[in-house]
Amino acid sequence: TKTEVGDIHASTSALKSFCTTIAADGIEDCRKACGGHGFLQSSGFPEMITAYLQNPTVEGDNQMLPMQVVKILLKLVKDVQSGNTKDWENTDARYLLGAVEAMLNGNYNDNSEQGESGSCTHTRTCSAESKDAM
């Protein structure tokens, strides 16, 4: 379904953004740890930097990909508000259904325990007076 495709797209977008950023930052940290030697061709960093540092940008910039994930998450929130969660039950994001519903109702999970349906079993009332104040 369209919801399942959106869920897969959100998962892969988030994973690509996260992994390429962590790897690029790791390469740069290692180069810096080597001091001036990190710039030497014999260190291997110049080749690694030119070969890898394009990855956070190609096929979707890491500034744009999280926005696509947020778009899918906002659709999930809208569907939970309207009670139209049937399509989400077959996706990887199904674990968010109970948490989103609890937040929209002004409750949050006191423990990480969940009931059979995935809904919160131990909740406390949030101190905010309205959903807008959250």
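Suppose accessible area is computed on protein heavy atoms with a 1.4 Å probe; arrange M48, M67, M103 from highest to lowest. Spell out each step's value before the answer.
Values: M48 85, M67 125, M103 105 Å².
Ranking M48, M67, M103 by accessible area, largest first, yields M67, M103, M48.
Spin-label model, L74/T1: points 7 Å from Cα along the beta carbon direction are separated by 2.2 nm. Computed over the stretch 25-115, relative contact order equals 13 percent, with contacts defined as Cα pairs under 8 Å that lie 6+ residues apart. Stretching the chain fully between Q81 and C34 yields a gain of 11.7 nm (0.36 nm per residue, less the alpha carbon separation).
Given a 1.4 Å probe, how much area per residue of the stretch 1-41 is accessible, in Å²?
Working: 2630 Å² over 41 residues.
Accessible surface, normalised per residue, equals 64 Å².
The alpha-carbon of K86 sits under 21 angstrom from the alpha-carbons of these lysines, leaving out residues fewer than 8 places away in its chain: K2, K71, K75, K78. Using C-alpha pairs below 8 Å separated by at least 6 residues, the relative contact order for the stretch 1-75 is 44 percent.
The values are calculated or read from the model by the stated rules, or taken from the named source; none is laboratory data. Since the structure is predicted, the reported quantities are computational estimates derived from the model, not experimental observations. Quick reminder, even Gly has a Cβ in these numbers, built from the backbone with ideal geometry, and neighbours come from all protein chains shown. These accessible areas exclude ligands, DNA and RNA; they are computed on the full protein's heavy atoms, side chains included. Shrake-Rupley method; radii C 1.70, N 1.55, O 1.52, S 1.80 Å.
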